[in-house]
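As structure tokens, the structure follows; a few thoughts come after it.
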Amino acid sequence: EAQVTQNPRYLITVTGKKLTVTCSQNMNHEYMSWYRQDPGLGLRQIYYSMNVEVTDKGDVPEGYKVSRKEKRNFPLILESPSPNQTSLYFCASSLSYRGTEAFFGQGTRLTVV
Amino acid sequence: AQRVTQPEKLLSVFKGAPVELKCNYSYSGSPELFWYVQYSRQRLQLLLRHISRESIKGFTADLNKGETSFHLKKPFAQEEDSAMYYCALRDAGNTPLVFGKGTRLSVIA
């Protein structure tokens, strides 16, 4: 089944403790992105990647890192999480050509205390 | 820079009433426009795209380049339409989607 898989689904952590949220897709998509979803602010893009070893900042990259060593994986790294990073995170992937849709993961709800 | 505006955070309508979710965009080129829907506790999924000119679950959206709008419409709302709706834009180049802030549609029985 074609899908985007994020892990974990839920995570509660403490300020400053490094964490990684994984994202994997099995559709051989070039594009992958991370978004955070906050009430009243909608979806904001954190980072995106247009292919292996190609990443770029989105609208709200501060406090996050990403890597794209393989086409299927695009982990999101929080080196030193802070409470303002408490949010719902979505990973998405798509093909690179016009007209294609983005497929989303099921979301990761992160709480930083 | 590309920008997508959804002016309504919340829209409440009665079952059977017409629905229009507004989306305006700013982009000088030839964009691709999409509507995504997020039902309660589910992931976002594509509802429709302007290229396909399709009707999904009774919803339609027409790209109006003169008004730079891509409003989502349905003639008769159903309770199961209650969800969060996001308008999204992608330009002609190799860039990811840009989303609006979303509109929560609540259909009241």
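Hey, does the range A:22-43 have a residue that's on the phi > 0 side of the Ramachandran plot, surrounded by 17 or more Cβ atoms within 10 Å (Cβ to Cβ) and modelled with pLDDT under 95? Talk me through it step by step, then tell me what you get.
From the range A:22-43, those on the phi > 0 side of the Ramachandran plot are A:28, A:40, A:42; that's our starting set.
Subsequent filtering for residues that are surrounded by 17 or more Cβ atoms within 10 Å (Cβ to Cβ) retains A:42.
Okay, now just the ones that are also modelled with pLDDT under 95, so A:42.
There is at least one residue in the range A:22-43 that is on the phi > 0 side of the Ramachandran plot, surrounded by 17 or more Cβ atoms within 10 Å (Cβ to Cβ) and modelled with pLDDT under 95.
For the range B:62-81, how many residues meet the condition of being buried (at least 17 other Cβ atoms within 10 Å of the Cβ), under 13 Å from the mean Cα position of the chain (by Cα) and not basic (Lys, Arg)?
6
Quick one: which strands (runs of 3 or more DSSP E) sit completely within the range B:1-84 and have at least 1 residues that are over 26 Å from A:GLY107 (Cα atoms), touching a Leu at 6+ places or on another chain (Cβ under 6 Å) and at pLDDT below 95?
Of the strands (runs of 3 or more DSSP E) lying wholly inside the range B:1-84, those with at least 1 residues that are over 26 Å from A:GLY107 (Cα atoms), touching a Leu at 6+ places or on another chain (Cβ under 6 Å) and at pLDDT below 95 span B:24-26.
Tell me which residues, restricted to the range B:33-61, are under 10 Å from the mean Cα position of the chain (by Cα) and of a type in the set (Phe, Trp, Tyr).
Of everything in the range B:33-61, those that are under 10 Å from the mean Cα position of the chain (by Cα) and of a type in the set (Phe, Trp, Tyr) turn out to be B:PHE34, B:TRP35, B:TYR36, B:PHE59.
Here are A:THR55, A:THR100: which of them is part of a loop (DSSP other than H, G, I, E, B) and in contact with a strand residue (DSSP E or B) (Cβ under 6 Å, 6 or more places away or on another chain)? Break it down stepwise before answering.
Numbers: A:THR55 fails: part of a loop (DSSP other than H, G, I, E, B).
It is A:THR100.
Quick one: count up the residues across the range A:8-47 that are of a type in the set (Phe, Trp, Tyr), within 11 Å of chain B (Cβ to nearest Cβ) and over 11 Å from the mean Cα position of the chain (by Cα).
1
From A:THR5, A:THR108, which residue is within 18 Å of B:ARG43 (Cα to Cα), surrounded by fewer than 18 Cβ atoms within 10 Å (Cβ to Cβ) and within 12 Å of the chain's Cα centre (by Cα)?
Within the list A:THR5, A:THR108, the selection yields A:THR5.
Is one or more of the residues making up the range A:58-79 exposed (fewer than 14 other Cβ atoms within 10 Å of the Cβ) and within 14 Å of another protein chain (Cβ to nearest Cβ)?
Scanning the range A:58-79 turns up at least one residue that is exposed (fewer than 14 other Cβ atoms within 10 Å of the Cβ) and within 14 Å of another protein chain (Cβ to nearest Cβ).
Of the conditions (1) closer than 24 Å to A:VAL4 by Cα; (2) within 11 Å of chain A (Cβ to nearest Cβ), B:SER30 clears all except one; give me its number.
So B:SER30 meets the others, but not (1).
Please verify whether A:TYR48 is part of a strand (DSSP E or B), surrounded by 16 or more Cβ atoms within 10 Å (Cβ to Cβ), at negative phi and modelled with pLDDT of 95 or more, treating the condition exactly as stated.
no
For the range B:37-54, name all the residues that are surrounded by 13 or more Cβ atoms within 10 Å (Cβ to Cβ), more than 8 Å from every other protein chain (Cβ to nearest Cβ) and not polar (S, T, N, Q).
If the condition is that a residue be surrounded by 13 or more Cβ atoms within 10 Å (Cβ to Cβ), more than 8 Å from every other protein chain (Cβ to nearest Cβ) and not polar (S, T, N, Q), then B:VAL37, B:TYR39, B:LEU47, B:LEU48, B:HIS50 are the ones that fit.
The values are calculated or read from the model by the stated rules, or taken from the named source; none is laboratory data. It should be emphasised that the depicted structure is a prediction, and the values quoted were computed from it without experimental measurement. Note that each Cβ is placed from the backbone with ideal geometry, even for glycine, and that neighbours are counted across all protein chains shown.
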